[in-house]
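Any read-out appearing in this document is the output of simple, stated calculations on the displayed coordinates, not a laboratory observation. Because the structure is a prediction, the values reported are computed rather than measured. Please note: Cβ atoms are built from the backbone with ideal geometry, for glycine as well, and neighbour counts cover all protein chains shown.
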Amino acid sequence: MKNIILAGFMGTGKSVVGRLLAERLGRRFIDLDKEIEKKEKKPISQIFSEMGEPYFRKIEKEAVKGVSQLKDCIIAVGGGAIVDSENLEALKKNGIVICLLASIDAILERTKGTRKRPLLNVEDPKERIETLLEYRAPYYAKADCQIDTTNLSIEEVVARVLEILKTNG
Ligand code: S3P
């Protein structure tokens with residue numbers, strides 16, 4: 001069976017949806033950022049602050065390569081992963097890439113109150129979200145399909161993914 005890859009911006013629910021989906025389907029769940037943290041033995045925010053974003057992107061790419069060899073897994077990747085076309089290509093080889101979307105306000109609401117996301121750790125996170133989303137939209141559009149999660153519960157997003165799998169799985 002193909003992997004199911006959940007991509008999309010921070011705060012769109014990739015990890016929670018992925019975990020529940022894996023439980024439903026009895027498949028293994030992999031959170032790519034958690035794998036990177038395990039390998040580097042430090043949180044993503046510390047990798048960014050100590051080594052910089054280019055270093056993070058380099059190890060993210062290696063991690064993508066690794067999980068792209070697997071089958072049967074549910075994989076959540078970080079919000080910037082599929083902005084790299086080679087990453088998207090690798091993930092598509094063994095899997096269906098589903099991009100989760102959400103409105104700027106929903107993303108702001110869902111990501112506030114945590115310092116875990118270095119890219120949003122700025123004075124005006126709303127402006128940062130707008131700028132990043134505008135830049136990333138064409139890359140997110142290259143996923144196999146998209147789900148707007150703005151007004152959906154986690155259960156409802158899982159149900160949409162299951163519907164997609166019926167026709168594309
Ligand atoms: C990033 C998203 C984060 C993490 C890193 C960079 C991004 O993952 O990979 O902070 O570029 O959008 P989540 O999307 O899981 O928060």
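Go through the residues of region 22-31 one by one and say whether even a single one is closer than 24 Å to A141 by Cα, touching a residue at least 40 places away in the same chain (Cβ under 8 Å) and within 12 Å of the ligand (Cβ to nearest atom).
Yes - at least one qualifying residue is present in region 22-31.
Among the residues that make up region 68-75, is at least one of them farther than 22 Å from E23 by Cα, within 16 Å of the ligand (Cβ to nearest atom) and under 13 Å from the mean Cα position of the chain (by Cα)? Outline the logic, then answer.
From region 68-75, those farther than 22 Å from E23 by Cα are none; that's our starting set.
Scanning region 68-75 turns up no residue that is farther than 22 Å from E23 by Cα, within 16 Å of the ligand (Cβ to nearest atom) and under 13 Å from the mean Cα position of the chain (by Cα).
In the set S49, S15, S45, which member is under 25 Å from A141 (Cα atoms), in contact (Cβ under 8 Å) with a residue 40 or more places away in the chain, within 13 Å of the ligand (Cβ to nearest atom) and not aromatic (F, W, Y)?
Answer to the check: S15.
Checking the structure you have, find out if any residue of region 53-67 is in contact (Cβ under 8 Å) with a residue 40 or more places away in the chain, within 13 Å of the ligand (Cβ to nearest atom) and hydrophobic (A, V, I, L, M, F, W, C).
No: region 53-67 contains no residue that is in contact (Cβ under 8 Å) with a residue 40 or more places away in the chain, within 13 Å of the ligand (Cβ to nearest atom) and hydrophobic (A, V, I, L, M, F, W, C).
Based on what the data block shows, is N168 in contact (Cβ under 8 Å) with a residue 12 or more places away in the chain, more than 14 Å from the ligand (Cβ to nearest atom), surrounded by fewer than 16 Cβ atoms within 10 Å (Cβ to Cβ) and more than 18 Å from the chain's Cα centre (by Cα)?
Considered against the rule, which asks whether it is in contact (Cβ under 8 Å) with a residue 12 or more places away in the chain, more than 14 Å from the ligand (Cβ to nearest atom), surrounded by fewer than 16 Cβ atoms within 10 Å (Cβ to Cβ) and more than 18 Å from the chain's Cα centre (by Cα), N168 comes out as yes.
Which residues, taken from region 91-103, are within 19 Å of E60 (Cβ to Cβ) and assigned to a loop (DSSP other than H, G, I, E, B)?
Start the filter on region 91-103 by keeping residues that are within 19 Å of E60 (Cβ to Cβ), which leaves 91-95, 97-100.
Of everything in region 91-103, just one residue is within 19 Å of E60 (Cβ to Cβ) and assigned to a loop (DSSP other than H, G, I, E, B), namely N94.
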